[in-house]
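Have a look at the structure below, then the notes.
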There are 6 protein chains.
Amino acid sequence: MHRKRAFYIGRFQPYHLGHNSIINRIADEVDEVVIGIGSAQKSHSPSDPFTAGERVMMIRNALEKEKVPNYALPIEDIQQNSLWVSHVLSRTPLFDVVYSNNPLVIQLFEEAGIPVKQSPMYQREQYSGTRIRKKMIEDNDWRHLVPDAVADIIDEIDGITRLKNVSRTDID
Amino acid sequence: MHRKRAFYIGRFQPYHLGHNSIINRIADEVDEVVIGIGSAQKSHSPSDPFTAGERVMMIRNALEKEKVPNYALPIEDIQQNSLWVSHVLSRTPLFDVVYSNNPLVIQLFEEAGIPVKQSPMYQREQYSGTRIRKKMIEDNDWRHLVPDAVADIIDEIDGITRLKNVSRTDID
Amino acid sequence: MHRKRAFYIGRFQPYHLGHNSIINRIADEVDEVVIGIGSAQKSHSPSDPFTAGERVMMIRNALEKEKVPNYALPIEDIQQNSLWVSHVLSRTPLFDVVYSNNPLVIQLFEEAGIPVKQSPMYQREQYSGTRIRKKMIEDNDWRHLVPDAVADIIDEIDGITRLKNVSRTDID
Amino acid sequence: MHRKRAFYIGRFQPYHLGHNSIINRIADEVDEVVIGIGSAQKSHSPSDPFTAGERVMMIRNALEKEKVPNYALPIEDIQQNSLWVSHVLSRTPLFDVVYSNNPLVIQLFEEAGIPVKQSPMYQREQYSGTRIRKKMIEDNDWRHLVPDAVADIIDEIDGITRLKNVSRTDID
Amino acid sequence: MHRKRAFYIGRFQPYHLGHNSIINRIADEVDEVVIGIGSAQKSHSPSDPFTAGERVMMIRNALEKEKVPNYALPIEDIQQNSLWVSHVLSRTPLFDVVYSNNPLVIQLFEEAGIPVKQSPMYQREQYSGTRIRKKMIEDNDWRHLVPDAVADIIDEIDGITRLKNVSRTDID
Amino acid sequence: MHRKRAFYIGRFQPYHLGHNSIINRIADEVDEVVIGIGSAQKSHSPSDPFTAGERVMMIRNALEKEKVPNYALPIEDIQQNSLWVSHVLSRTPLFDVVYSNNPLVIQLFEEAGIPVKQSPMYQREQYSGTRIRKKMIEDNDWRHLVPDAVADIIDEIDGITRLKNVSRTDID
């Protein structure tokens, strides 16, 4: 029997409760969610501190409790928009629909004839990767903004120290 | 609580019962198995007919029945052996041990200080990707050599036609 | 008999009447014009909406009426200035002279010992890719700024919709 | 008015009368022929002696006398079959049909939903790049196997000397 | 007998007396200094005017008088921070310690378990690549800020003309 | 005063007495020898066991006793012959002449207008990288075929074990 699958892509730096809310709501409409981890090749930078492998762990552990059947798969950036849909399709299980609010993602999938739906809404001011990373650097509380499992992983890899270090400008 | 994880890499063209036997035996010794899908960028060739996404599906569906906690993650080839371990580590969850019988894989992980164990044995003459692809091309029976879920996926994507076509030499 | 050829490079996003005027004037001085389509790998972005193939069509169709013997050839960006002249030379027919007002292009060709002439002038405030793309996004009239053949192609590929979509910021 | 276009790809090392015959016959069925010059990045090797730019010149000059409306466009190899059709489409004008006898090319375009027809026949034993390059290296006559314009270009670039040199094994 | 080696990385655009002072002080503490020339692939741009080969010459000639045993080796940028340490290690002789004040460099080497020390201090306002290139463009005196050997090489390659040209904006 | 420099390229897997003899004889004719370490990105394979950094060390230490002023610089493979000379020139100090017996190297430098001389002769049957690596794998004596300093480095990095391991076929 064919399983209906949806594709959702993000950078997940880190995976937060906003993402978690979206994925759960997408899961209500399909059998499985294919989660693309964008900019998979990036890590150790102020806007992309975590490796693809670390982000795979975050998503897997966070969704384990939620019982959302999912695939969390790294998608490396490709420097050519015209190849991007083929690139995604070659690295993911077959999916039936894309959920996205990103205009470029929508345009590229639509040109390829793949159905796109608007992502479920969530409080974007509250849950934002940029805002969470800023809190991490400034030692403000960020833990209530991510699933517990994500906070545990960030602690285990000493992620806050890493983020703070790579965010400093050259010292002297 | 820390979960003990093992890493195992293969090309899985296709994922067969030999692989399945290895993964199950590794799973007896650790909490989770991180399965690297090598040569992830390859597909549509006689020795690498299936895309990374198709191989992710094969592994996931085959192991679903087995209840082996696993991550099946594409690993693209990198043209520099000296960078390969870092490449793998950046795309995978943390793991404690590598299972491999491949001398290059063993050497590279050992130089990096990561423990390597010999893979569990299986009947390599019987279960071999090369042999299975040859049977597929020659219309001999191959279905008993792969998990049922893998045969289903190959049928769904019309994989035998694809393999036969890309294996023909230029016609005239 | 040797044909005298000139090389001219641009991004042509889109090909407009300023470009057309330059090429026509270069054509007065040589037998054939080799037109390099720069950033060939780019498309579907606010500053580079059209693919290399679409830009080839624009140039070819626009110049068909003008009877300017020309080659319109995609040139992908290369990340090393020191290799750029060799890169261009390997992808183009032999040429005798370069027409350019771009200081980097001039410097690189001159270091390689290839003669460079200043491009013919045209009204740069009037005819500018940036200005034309802005008009396209804002629904102001842009058709009088490009050759008729170019407007036809942009309509055929629904280029204005594409440009508008990829130029929107992330919606919510 | 829409022009019907066909796509044909080859390496054209060199462009010979067999290719010329095919292109002419394809031209009978469409308005324009888009000619992809494969392995565009290769040159100066025994099997790929000529640069993409040199091959563009060969094709253009040979077809000038034939009055076949055509685009001769370099297509670089891409190491991923799953991206190859998108790669071709992004660098070429829109086309309606592909002519090919290459099983991989056929399979990839058919999976992408693009119509493929078998290439017109010609005497492949007689006209073959491999055979022509062998004749060039061994100082046997090859000129009757290529269009006159191609022989002229090979002379102009001293192509036989280049091919002989890059085909020698390391001397001592 | 094992020689103690230190690694120091910079872009050296150009190599100036601040760098020279650091290298000399590092040389007091080790037997040999391995000097990584970063962004080796870059040249002919306003912030990176000199090729890797030119920078090798600058360093070699400047240090010849100083009698500091050293290796000056080009290190190309790699787009993945997680691979960067392996990349450096594969292109350099074995070293025992890294000297750096760059937070990213420090973080990456420390994650890899390689000891890092703070670089010796020097007058950064006085000796700065940015400041020296600005002086070069504006015809202010820069020669007292670099070793004599470096000034000689910049003259020999006509480096000031190159820097001025690539720093101009598009003329018309 | 201008120093006359020669360029010589090899893979140096490992650097042996044949290479050493060539470099010494080239050094009789110029002031400095620029030694390109080809296939710099390769290591840990049966034909390319040593990293670029290890090969830099071999050459440097071997030539230290000989007092040959030299630069040993890694040159990564580039997949386009037409760009190769520019690639070499951008990573090396200026040189006046190339010494090579490799037909492709000769052809590429001659097309670029750079003088090429034949390399000095040596006993190629005796001193050959292939033959030395075979002896290493088979535990035959190889030490008399390389400079003492090279043997020391190979011991220090446990190079024989590495070569043997990466040369084994997959075990089971």
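FYI, it's all coordinate maths here, none of it is from the lab. Bear in mind the structure is a predicted one, so any value in this text is a computation, not a measurement. Using ideal geometry, Cβ is built from the backbone for each residue, glycine included, and neighbour counts are taken over all protein chains shown.
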- Note on the structure: Within the under-14-Å Cβ sphere about E:Asn140, not counting E:Asn140, Lys/Arg +1 and Asp/Glu -1 give a net charge of +3
- What does the average come to when, for each residue of peptide C:117-130, you count the partner chain Cβ atoms lying within 10 Å of its Cβ? 1
- Query: If you plug each phi of the range B:77-88 into the Karplus form 6.51 cos²θ - 1.76 cosθ + 1.60 with θ = phi - 60°, what whole-Hz ³J(HN,Hα) values come out, in order, with x for Gly and Pro?
  - Reply: 5, 10, 7, 10, 4, 5, 9, 5, 5, 4, 4, 4
- Item | Residue with peak Gaussian network fluctuation, chain C [Cα springs, cutoff 10 Å], from C:Ile160, C:Ile23, C:Ile132 | C:Ile160
- Query: For a label point 7 angstrom out from the Cα of B:Gln79 toward its Cβ, which stretches of the range E:89-105 have the backbone nitrogen within less than 13 Å?
  - Reply: none
- Item | Candidate lysines for bridging to C:Lys135, where Cα separation is under 28 Å - those fewer than 8 sequence places away on the same chain excluded | C:Lys42, C:Lys65, C:Lys164
- Note on the structure: Residue-ordered couplings for the range D:39-50, obtained by feeding phi - 60° into the Karplus form 6.51 cos²θ - 1.76 cosθ + 1.60 and rounding to whole Hz (Gly and Pro as x), are 6, 4, 7, 8, 5, 6, 10, x, 8, 9, x, 9
- Please name whichever of B:Gly113, B:Ile160, B:Ile137 sits farthest to the positive end of the charge dipole of the range B:78-168, dipole taken about the Cα centre and charges placed at Cβ: Lys and Arg +1, Asp and Glu -1. B:Ile137
- Message: I want to check the label-to-label distance for F:Gln118 and E:Ile160. Put each point 7 Å from Cα in the C-beta direction and report it in nm to one decimal.
- Response: 4.7 nm
- Message: Over the Cα atoms of the range F:128-172, what radius of gyration and what Dmax do you get, in Å?
- Response: 11.1, 38
- Shape call for the range F:79-172 from the C-alpha gyration tensor, a ≥ b ≥ c root eigenvalues: rounded (a/c under 1.5), prolate (a/b greater than b/c) or oblate? prolate
- Query: Got a sec? Which residues in the range B:100-118 would a label at B:Gln126 touch, if it sits 7 Å along Cα→Cβ and we count backbone N under 20 Å?
  - Reply: B:101
- Item | Residues E:Arg91, B:Arg60, F:Arg131, sorted so that the one with the fewest Cβ neighbours within 10 Å comes first | F:Arg131, B:Arg60, E:Arg91
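Report the far tail of the P(r) of the range A:1-67, meaning the percent of Cα-Cα pairs longer than 16 Å.
Of all Cα-Cα pairs in the range A:1-67, 46 percent lie more than 16 Å apart.
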- Query: With +1 on each Lys and Arg Cβ and -1 on each Asp and Glu Cβ, how big is the dipole of the range D:11-50 about its Cα centre, in debye rounded to the nearest 20?
  - Reply: 280 debye
- Message: Give the average, rounded to an integer, of partner chain Cβ atoms located within 10 angstrom of each Cβ in E:72-81.
- Response: 6
- In debye, nearest 20, what is the charge dipole magnitude of chain C about its Cα centre with +1 on Lys and Arg Cβ and -1 on Asp and Glu Cβ, if you could check? 220 debye
- Taking amide H positions as placed in the peptide plane 1.01 Å from N, state which residues far from A:Gly38 in sequence (5 or more) or on other chains have amide H under 5 Å from it. A:Gly10, A:Arg11, A:Ile75
- Dipole of the protein assembly as shown, Cα-centred, from +1 at each Lys and Arg C-beta and -1 at each Asp and Glu C-beta, to the nearest 20 debye? 0 debye
- How much mean residue ellipticity at 222 nm does the protein assembly as shown get from its helices, if each DSSP H run of length 4 or more adds -39500 (n - 2.57) and you divide by all residues, to the nearest 500 deg cm²/dmol? -12000 deg cm²/dmol
- Query: Out of every Cα pair in the protein assembly as shown, what percent are spaced more than 49 Å from each other?
  - Reply: 28 percent
- Query: Got the relative contact order for the range A:68-172 handy, in percent, Cα pairs under 8 Å and 6 or more residues apart?
  - Reply: 16 percent
- Message: I'd like to know how the range D:20-100 sits against the 2.2 N^0.38 Å rule of thumb: what's its Cα Rg over that expected value?
- Response: 1.14
- Message: Can you give me the distance in nm between label points at F:Lys134 and B:Leu94, each placed 7 Å from the Cα along the Cα-to-Cβ direction?
- Response: 4.8 nm
- Query: Expressed in nm², what is the orientationally averaged projection area of the convex hull enclosing the Cα positions of the range D:5-166?
  - Reply: 8.8 nm²
- Message: Could you tell me the relative contact order of the range B:1-75? Use alpha-carbon pairs under 8 Å, at least six residues apart, and round to a whole percent.
- Response: 37 percent
- Go through the range D:14-30 residue by residue and turn each phi into a ³J(HN,Hα) via Karplus (6.51, -1.76, 1.60, θ = phi - 60°); whole Hz please, and just put x for glycine and proline. x, 6, 10, 5, x, 4, 4, 5, 4, 4, 4, 6, 4, 4, 5, 9, 9
- Query: When only DSSP loop residues count, what GluC sites (Glu not before Pro) in the range D:90-172 have their Cβ near at most 14 other Cβ atoms within 10 Å?
  - Reply: D:Glu125, D:Glu138
- Task: Please list, in chain and number order, the residues 5+ apart from C:Val98 or on another chain whose amide H is under 5 Å from its amide H, with Hs placed from the backbone.
- Result: C:Phe7, C:Val116, C:Lys117
